[in-house]
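A.B. asks: Below: one structure in structure tokens.
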Amino acid sequence: QVQLVESGGGLVQPGGSLRLSCAASGSMFMLNTMGWYRQAPGKQRELVATITSGGRIHYADSVKGRFTISRDNAKSTVYLQMNSLKPEDTAVYYCNADIVPRIWGAANDYWGQGTQVTVSS
């Protein structure tokens, strides 16, 4: 069974930095696009950033220039370096991965349990 385990959330002051990590484990024949989404209270879940297995990256306009997504394919891990954090970045951040669990199988969408990021003075 595939699992995504996130870490690195917490409380930070405006202008501060945090680094999120998400490690995928379990049966994985192919690990495709990985990414981060977030959901603030009362709002819909939104895309933050994605990175393909080949390294192609996409950012939401709201985080461009402040957040950096990266991945270590050998460790099946994706990272999100968040700098110049703002109060509006406060949300639960979710890791997402598109994974083919076994040879000849179909790709499935997997989610982590979420990690809280709070930006407040």
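The values are calculated or read from the model by the stated rules, or taken from the named source; none is laboratory data. All values derive from a computational prediction rather than experimental measurement. Neighbour counts are summed over all protein chains in view; Cβ atoms, including those assigned to glycine, are modelled from backbone coordinates with ideal geometry. When the accessible area is computed, the model is the full protein with side chains, heavy atoms only, and any ligands, DNA or RNA have been set aside. Shrake-Rupley method; radii C 1.70, N 1.55, O 1.52, S 1.80 Å.
A.B. asks: How many residues does segment 1-28 hold that are under 14 Å from ASP98 (Cα atoms), among the small types (Gly, Ala, Ser) and surrounded by fewer than 14 Cβ atoms within 10 Å (Cβ to Cβ)?
C.D. replies: Counting residues in segment 1-28 that are under 14 Å from ASP98 (Cα atoms), among the small types (Gly, Ala, Ser) and surrounded by fewer than 14 Cβ atoms within 10 Å (Cβ to Cβ) gives 3.
A.B. asks: OK, next. Consider ASP98 carefully, then state whether it is more than 12 Å from ASN32 (Cβ to Cβ), open to solvent by 40 Å² or more (accessible area, probe 1.4 Å) and not hydrophobic (A, V, I, L, M, F, W, C).
C.D. replies: no
A.B. asks: Would you call LEU85 in contact (Cβ under 8 Å) with a residue 24 or more places away in the chain, assigned to a loop (DSSP other than H, G, I, E, B) and hydrophobic (A, V, I, L, M, F, W, C)?
C.D. replies: Yes, satisfied.
A.B. asks: Let me ask you something else. Do we have SER17 as closer than 25 Å to GLN1 by Cα, touching a strand residue (DSSP E or B) at 6+ places or on another chain (Cβ under 7 Å) and of a type in the set (Gly, Ala, Ser) here?
C.D. replies: Judged against the criteria, SER17 is not a match.
A.B. asks: Checking VAL2 against (1) farther than 18 Å from ALA107 by Cβ; (2) of a type outside the set (Asp, Glu); (3) touching a Gly at 6+ places or on another chain (Cβ under 9 Å), only one condition comes out false. Which one?
C.D. replies: Condition not satisfied by VAL2: (1).
A.B. asks: Taking segment 101-121 as the search range and keeping residues that are surrounded by fewer than 19 Cβ atoms within 10 Å (Cβ to Cβ) and of a type in the set (Val, Ile, Thr), which one is modelled with the lowest pLDDT?
C.D. replies: Per the stated criteria, the residue is ILE103.
A.B. asks: Consider segment 29-82. How many of its residues are surrounded by 12 or more Cβ atoms within 10 Å (Cβ to Cβ) and part of a strand (DSSP E or B)?
C.D. replies: Residues meeting the conditions: 30.
A.B. asks: Go through segment 83-95 and give me each residue that's more than 23 Å from GLY55 (Cα to Cα) and open to solvent by 30 Å² or more (accessible area, probe 1.4 Å).
C.D. replies: SER84, LYS86, PRO87, GLU88, THR90, VAL92, listed by residue number.
A.B. asks: How about segment 95-109: which of its residues are over 12 Å from ALA23 (Cα atoms), of a type outside the set (Asp, Glu) and in contact (Cβ under 8 Å) with a residue 24 or more places away in the chain?
C.D. replies: Once the filter is applied, which keeps residues that are over 12 Å from ALA23 (Cα atoms), of a type outside the set (Asp, Glu) and in contact (Cβ under 8 Å) with a residue 24 or more places away in the chain, segment 95-109 yields ILE99, VAL100, PRO101, ARG102, ILE103, GLY105, ALA107, ASN108.
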